[in-house]
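Step one of this worksheet: look at the structure below.
The values are calculated or read from the model by the stated rules, or taken from the named source; none is laboratory data. Being a predicted model, the structure only gives us computed values, none of them experimental. Cβ coordinates were reconstructed from backbone atoms using ideal geometry, including for glycine residues, and neighbour counts include every protein chain displayed. Note: areas computed on protein heavy atoms with side chains; ligands, DNA, RNA excluded. Shrake-Rupley method; radii C 1.70, N 1.55, O 1.52, S 1.80 Å.
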Amino acid sequence: MNARPPATKPAEWRFIRTFGFACRGVAIMLRTQVNARIHLGFTVSVLVAGFVCHLTRAEWCAVAGAIGLVWTAEGLNTAIEAVVDLVSPDYHVLAGRAKDVAAGAVLCAAVAAVVIGLLIFGPHLLALLQ
């Protein structure tokens, strides 16, 4: 069992500890989810491209929002899949539906990120080609 021990430290330490739990969650997501590793590759690529293209502050805001949206959706999808597997280890149509809907949410976030990426990077790439 992976239960957390009761908090006995001052509030500041408990607050800092929560970042450790969150980082552990991201590490678990990257270790167990192929799509999270794909998202990581795209995230790094987009960040490099942003520096190469000298994005404006507003463009960086849109890119950061798109990246955050995809990572948030992927994290929620991973959490939903884990909980569904816990409560329904055998196949159940509703368990499958929950997993499909969660995966669909990631797909929607990724499509939105691609659209944002095209709107942001498209003009920069066209300028490089001319």
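Quick notes on this one:
- Computed from label points 7 Å out along Cα-Cβ, the spacing between residue 54 and residue 16 is 4.1 nm.
- Put 38, 120 in order of accessible area, highest first, and with a 1.4 Å probe you get 38, 120.
- Under the criterion of Cα pairs below 8 Å and six or more residues apart, the relative contact order for the chain equals 25 percent.
- Average accessible surface for the chain: 72 Å² per residue, computed with a 1.4 Å probe over protein heavy atoms with every protein chain in place.
- Order by protection proxy (mean Cβ within 10 Å, highest first), peptides 61-73, 17-29, 97-109: 61-73, 97-109, 17-29
- If you wrap the tightest convex hull around every Cα atom of segment 41-130 and split its volume per residue, you get 93 Å³.
- Distance-filtered residues of segment 73-113 - backbone nitrogen under 17 Å, label point 7 angstrom along residue 34 Cα→Cβ: 78, 100, 103-104, 107
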